[in-house]
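The values are calculated or read from the model by the stated rules, or taken from the named source; none is laboratory data. Because the structure is a prediction, the values reported are computed rather than measured. Cβ sites come from the backbone with ideal geometry, for glycine too, and all protein chains shown count toward neighbours.
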Amino acid sequence: MRSPLLDTSGAVAAQAPDETVAAHYGDPYAEQRALAEGRALVDRSDREVVRIAGPDRLSWLNSLSSQKLDTLQPGTPAQALLLDGQGRVEHHLTLVDDGEAVWAHVEPGTAAELVAFLEKMRFMLRVEVAELTSDYAVVSVAPPAPVGEPAAEEESWAEGRALPEGTVVMGSGDLLVPRGRLAGLPEELGLRPAGLWAYEALRIAAHVPRLGFETDHKTIPHEVGWIGVAVHLSKGCYRGQETVARVHNLGHPPRRLVFLHLDGSVDSLPPHGAPVTLGVSTPVEAEPEAAVEGAAEPGQLGFVGSSARHYELGPIALAVVKRTVPVDIDLLAGGVAASQEVVVPPDAGRNVHIDPALRRRVR
């Protein structure tokens with residue numbers, strides 16, 4: 001559904017799969033800064049909304065997903081994954097329970113498949129699943145928090161504000177608002193509109209993966225840092241749990257998420273899917289023993305997930321590379337020189353202690 005905020009003066013549409021919302025409104029860097037300071041609202045209404053009601057909803061979702069949801073308290077935000085039988089990620093849900101129903105938002109174009117799966121798994125349980133994308137729009141009033149750090153205090157932000165009737169405070173800076181109120185929402189809340197470029201730049205800087213960008217059909221949760229965030233390691237059984245447990249206790253994921261500082265002298269950003277290869281100054285002896293399985297070109301070690309221009313850090317990206325790529329070598333991301341910052345350590349899994357030095361975050 002095309003957002004009415006695209007009619008705002010200066011609005012430029014984003015690229016697929018986000019083409020129904022604005023990439024920016026004429027000043028991307030100022031929009032980033034405003035969002036980081038809590039003075040902006042990002043239209044993410046291309047995301048799709050699912051509501052799950054009924055007295056069995058939490059125990060049912062707990063049995064299906066990677067997250068422990070049977071004891072979820074109303075108003076507490078959570079993330080959850082639905083995995084296939086081999087532990088590969090199929091859906092990522094950002095959700096909250098309001099005491100009567102679970103509200104979730106998911107990537108554009110994925111709700112129909114999600115709802116179809118959930119309907120198939122209802123059996124005789126007291127649950128009702130509905131897609132409400134035509135009724136509700138996702139907006140964000142804060143950037144995503146880095147993994148392991150507190151999320152924005154949306155409840156405090158919302159306190160004393162006259163939010164549109166029916167608004168659902170989702171957590172992690174997200175609100176669900178009645179879609180009919182979207183056009184005038186920035187003025188109503190006293191916030192400037194910020195485009196999706198602003199949100200994405202801050203997401204990348206926070207090392208937060210996005211389904212369909214930092215993931216592909218082979219992704220397992222360990223590879224992109226969703227363990228502990230969207231995966232509870234001591235809950236009951238769910239589809240794909242065997243893979244999660246095996247990697248956590250016995251092995252390592254084959255790939256790892258990495259943050260890249262890109263060469264600022266290059267005019268272009270590497271697009272999604274661009275190959276990651278060895279940097280031109282990397283010694284030959286440092287080259288890993290093999291390229292990524294199924295790589296599109298010789299010497300490919302991974303792929304670019306997302307890239308952006310950050311208002312303070314310059315050009316940055318998230319990429320997924322083979323686990324054995326040394327953490328201290330330079331890379332090329334779509335031909336652009338890049339230095340690494342570790343997000344998922346090479347020794348992830350096997351229930352190892354993670355060196356805090358490898359968990360340093362961009363501020």
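Table: residues versus (1) buried (at least 22 other Cβ atoms within 10 Å of the Cβ); (2) under 28 Å from Ala308 (Cα atoms); (3) not assigned by TED's automatic domain parsing to the domain that holds Tyr311.
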position: Pro178; (1), (2), (3): no, no, yes
position: Arg181; (1), (2), (3): no, no, yes
position: Pro186; (1), (2), (3): no, yes, yes
position: Gly190; (1), (2), (3): no, yes, yes
position: Pro193; (1), (2), (3): yes, yes, yes
position: Leu196; (1), (2), (3): yes, yes, yes
position: Tyr199; (1), (2), (3): yes, yes, yes
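Being over 18 Å from the mean Cα position of the chain (by Cα) and charged (D, E, K, R) is the filter here; which residues of the range 7-33 pass it?
Those that are over 18 Å from the mean Cα position of the chain (by Cα) and charged (D, E, K, R): Asp7, Asp27, Glu31, Arg33.
Tell me the residue from Ser172, Ser134, Ser156 that is among the small types (Gly, Ala, Ser), more than 15 Å from Arg44 (Cβ to Cβ) and at pLDDT below 95, please. Spell out how you get there, then give the answer.
Numbers: Ser172 fails: more than 15 Å from Arg44 (Cβ to Cβ); Ser134 fails: at pLDDT below 95.
Only one candidate qualifies: Ser156.
Return the total of residues in the range 71-101 being of a type in the set (Ser, Thr, Tyr) and surrounded by 15 or more Cβ atoms within 10 Å (Cβ to Cβ). Spell out how you get there, then give the answer.
Keep residues of the range 71-101 that are of a type in the set (Ser, Thr, Tyr), which gives 71, 76, 94.
If we keep only those that are surrounded by 15 or more Cβ atoms within 10 Å (Cβ to Cβ) as well, we get 94.
So the count comes out to 1.
Would you tally the residues in the range 300-335 being of a type outside the set (A, V, I, L, M, F, W, C), touching a helix residue (DSSP H, G or I) at 6+ places or on another chain (Cβ under 9 Å) and either in the same structural domain as Phe213 (by TED's automatic domain parsing) or touching a residue at least 60 places away in the same chain (Cβ under 8 Å) (or both)?
Let us first name the residues in the range 300-335 that are of a type outside the set (A, V, I, L, M, F, W, C), namely 300, 302, 305-307, 309-312, 314-315, 322-324, 326, 328, 330, 334-335.
Now restrict to residues that are touching a helix residue (DSSP H, G or I) at 6+ places or on another chain (Cβ under 9 Å): 305-307, 309-312, 323, 326, 328.
Narrowing further to those that are either in the same structural domain as Phe213 (by TED's automatic domain parsing) or touching a residue at least 60 places away in the same chain (Cβ under 8 Å) (or both): 305-307, 309-311, 323.
Total meeting the criteria: 7.
Each row is one residue, and each column tells you yes or no for (1) surrounded by 22 or more Cβ atoms within 10 Å (Cβ to Cβ); (2) assigned by TED's automatic domain parsing to the domain that holds Arg323; (3) farther than 23 Å from Thr324 by Cα; (4) aromatic (Phe, Trp, Tyr).
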| position | (1), (2), (3), (4) |
| --- | --- |
| Val208 | yes, no, no, no |
| Trp226 | yes, no, no, yes |
| Ser234 | no, no, yes, no |
| Cys237 | no, no, yes, no |
| Glu242 | no, no, yes, no |
| Ala245 | no, no, no, no |
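Take the residues of the range 180-205 that are charged (D, E, K, R) and over 12 Å from Pro164 (Cβ atoms): which is nearest to the chain's Cα centre (by Cα)?
As a first pass, look at the range 180-205 and keep what is charged (D, E, K, R): 181, 187-188, 192, 200, 203.
If we keep only those that are over 12 Å from Pro164 (Cβ atoms) too, we end up with 187, 192, 200, 203.
On the way: Glu187: 27, Arg192: 23, Glu200: 9, Arg203: 8 Å.
Here the residue is Arg203.
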